[in-house]
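This report concerns only the one structure given below.
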Amino acid sequence: MQRTLMLCLALALCGAFVAGCGGRRPGPANRETEHRDPSDRVELLGSRKVDFRGEKDTIMVTAAEGTFEAIRLEVDGNGLEMWDVEITYGDGNKHSPATRLHFGEDSWSRRIDLPGGNRVIRKVEFKYKSQGPRREGRATIKLFGVH
C-alpha cells in the first residue's frame, strides 16, 4: 500500500514537471497571441525537420533577422526531449541556458531569455531524442525570436 502511494506521488510530480516545461497550443491562435506578454513581438527564425536518426541539429539565423531578447522553441509532430541548447551570437560568443525540455506533440517551450539584452543570433544548436521507446517518426522544431 505504501509503495503504491509513493509510486503515485512520484508519477504526479513527474507529470507536473513535464507540464511546466511546455504548453499545449490552445486551438487556432497565431504566434503573436500565444505568449503571455502581449507586448512581445515574435518572429519565426527557422525550422528543422528531424527524424531521430541524428541527435544533433542546427538552425542557422542571419543578422538580417534583427536582435532578440529571448527565444522560444516549438515542436510539431512527435514528442521529443531536448538538452544542450547552445546559442551562438553574432559576435561569436556562445550561451547554453541550463535547460532540459520535454515536448509533447505540438507543444512549445517557455520563454528563454538571452543574457545581455537584445542580441543578434547566428545559430542555435540542440541535442534531442525521441520520447518513447521507438526512435521513429518525424518532428519539426521551430525557433522563434522574441523582440
Extreme residue, positive dipole direction of the stretch 40-146, given options 130, 46, 77 (C-beta unit charges): 130
Relative contact order, percent, the stretch 40-146 [alpha-carbon distance under 8 Å, six or more residues apart]: 48
Difference of contour (0.36 nm per residue) and Cα-Cα distance, residue 106 to residue 86: 5.0 nm
Gained length - residue 44 relative to residue 94, 0.36 nm times residue gap less alpha-carbon distance: 15.9 nm
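Values quoted throughout were computed directly from the atomic coordinates according to the rules given, and no laboratory measurement underlies them. Just so we're clear, the structure is a prediction, and the values are computed from it rather than from any experiment. Glycine also receives a Cβ, built like all others from the backbone with ideal geometry; neighbour counts cover every protein chain displayed.
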